[in-house]
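Here the structure is laid out as C-alpha cells; the discussion comes afterwards.
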Amino acid sequence: MSEASTVLYFVRHAESRYVEEQERERGLTEQGHQDAGTVASLLQGEQIQLFYSSPYRRAVDTIQILADRSGGIVVTEEDLRERQLSSSDVRHDHFREAKQRLYRDPTYAYSGGESGEQACSRAIAVIEKILDKHAGHRVVIGTHGDVMTLILQHYDTSYGYDFWESSTMPDIYKLEFDGTHKLVQVTRLWK
C-alpha cells in the first residue's frame with residue numbers, strides 16, 4: 001500500500017435471524033456471534049484505525065469485537081443502512097425475485113422503498129467523506145449485502161446481482177483506493 005492509498009474493509013454482517021419489521025434491531029444468531037469473533041481474528045493484524053457502520057445492530061455487532069480489541073469505537077452513519085426494499089410489497093418468500101428486478105433497473109423502487117440509484121447515492125456520499133477525511137488510513141465499514149454491492153458497483157460496474165447472491169454472512173472485502181478515490185484493487189478476505 002502506497003502512502004496515498006486508503007484501504008476500506010467492507011464487513012458484511014454475520015448471520016442474523018430474519019424478523020419482519022425489525023430491520024434495525026435484530027442482532028446476531030449464536031453462529032453470527034462466533035463468526036464475528038472470527039472476523040476480529042482475521043482483521044486484527046491489518047492495523048485498522050477506524051470503524052464505521054450502518055446503524056443496524058447486526059452490522060455494528062459484527063465489527064464490535066474487532067473495534068474493542070483495537071481500542072477503537074464504532075461510529076454509526078445512518079446513510080450506510082441497508083436499502084429499504086418496500087414498505088409492504090416485498091415479502092420474504094419473493095425476496096430474490098424482488099432483488100433481481102431492482103438490479104435490472106437501478107431507477108426502479110417498490111412502493112415505500114429505495115431504488116438502487118437512491119441507496120447508492122446516499123451511501124457513496126458517506127464513503128467519499130470517509131475517503132477524504134481518512135486518506136492513507138485503514139478503515140472498517142460494517143455493512144449489508146445489498147448496499148455493499150451498490151457501493152462496489154459505483155466504482156466497478158461488473159458488480160451486481162450475481163455478486164450480491166454469492167456473498168456470505170459474514171463476508172469481508174478489502175478495497176484499496178488511490179489518492180484520487182479510484183478503486184485499484186478488491187480482495188476477498190473471508191474464507
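The values are calculated or read from the model by the stated rules, or taken from the named source; none is laboratory data. Remember, predicted model here, so these are calculated numbers, not experimental data. All Cβ positions, glycine included, derive from the backbone under ideal geometry; neighbour counts span all protein chains shown. Quick note on the areas: whole protein, heavy atoms, side chains included, nothing else; ligands and nucleic acids left out. Shrake-Rupley method; radii C 1.70, N 1.55, O 1.52, S 1.80 Å.
Screening residue 52 against (1) hydroxyl-bearing (Ser, Thr, Tyr); (2) open to solvent by 60 Å² or more (accessible area, probe 1.4 Å); (3) in contact (Cβ under 8 Å) with a residue 24 or more places away in the chain leaves a single unmet condition, (2). Criterion applied to 29, 6, 38 was being polar (S, T, N, Q) and open to solvent by 40 Å² or more (accessible area, probe 1.4 Å), and the one residue passing it is 38.
Annotation: of all residues in the range 69-86 being assigned to a helix (DSSP H, G or I) and either of a type in the set (Gly, Ala, Ser) or within 29 Å of residue 112 (Cα to Cα) (or both), the one that is nearest to the chain's Cα centre (by Cα) is 80. Do the conditions hold for residue 141, that is, is it farther than 25 Å from residue 35 by Cα, surrounded by 14 or more Cβ atoms within 10 Å (Cβ to Cβ), modelled with pLDDT of 95 or more and within 14 Å of the chain's Cα centre (by Cα)? So residue 141 fails the test. Tell me, yes or no, whether the range 158-176 has at least one residue that is closer than 26 Å to residue 40 by Cα, aliphatic (A, V, I, L, M) and assigned to a strand (DSSP E or B). Among the residues of the range 158-176, at least one is closer than 26 Å to residue 40 by Cα, aliphatic (A, V, I, L, M) and assigned to a strand (DSSP E or B), which makes the answer yes.
Out of the range 124-143, which residues are out of contact with any Gly (no Cβ under 9 Å at 6 or more places or on another chain), closer than 25 Å to residue 47 by Cβ and of a type outside the set (Lys, Arg)?
Narrowing the range 124-143 to residues out of contact with any Gly (no Cβ under 9 Å at 6 or more places or on another chain): 124-134, 137-139, 141-143.
Pick out the ones that are also closer than 25 Å to residue 47 by Cβ and you get 126-134, 137-139, 141-143.
Hits for the range 124-143 are 126, 127, 128, 130, 131, 132, 134, 137, 139, 141, 142, 143.
Could you check how many residues of the range 107-123 are open to solvent by 10 Å² or more (accessible area, probe 1.4 Å) and either of a type in the set (Ser, Thr, Tyr) or in contact with a Gly (Cβ under 7 Å, 6 or more places away or on another chain) (or both)? So that I can check it myself, show each step before the final result.
Step one: filter the range 107-123 for residues open to solvent by 10 Å² or more (accessible area, probe 1.4 Å), giving 107-114, 117-118, 120-122.
Narrowing further to those that are either of a type in the set (Ser, Thr, Tyr) or in contact with a Gly (Cβ under 7 Å, 6 or more places away or on another chain) (or both): 107-108, 110-111, 121.
Total meeting the criteria: 5.
When 80, 28, 102 are screened for being among the aliphatic types (A, V, I, L, M) and under 17 Å from residue 15 (Cβ atoms), only 28 passes.
Within the range 88-101, can one find any residue that is basic (Lys, Arg) and without any contact (Cβ under 8 Å) to a residue 12 or more places away in the chain? Yes, some residue in the range 88-101 is basic (Lys, Arg) and without any contact (Cβ under 8 Å) to a residue 12 or more places away in the chain.
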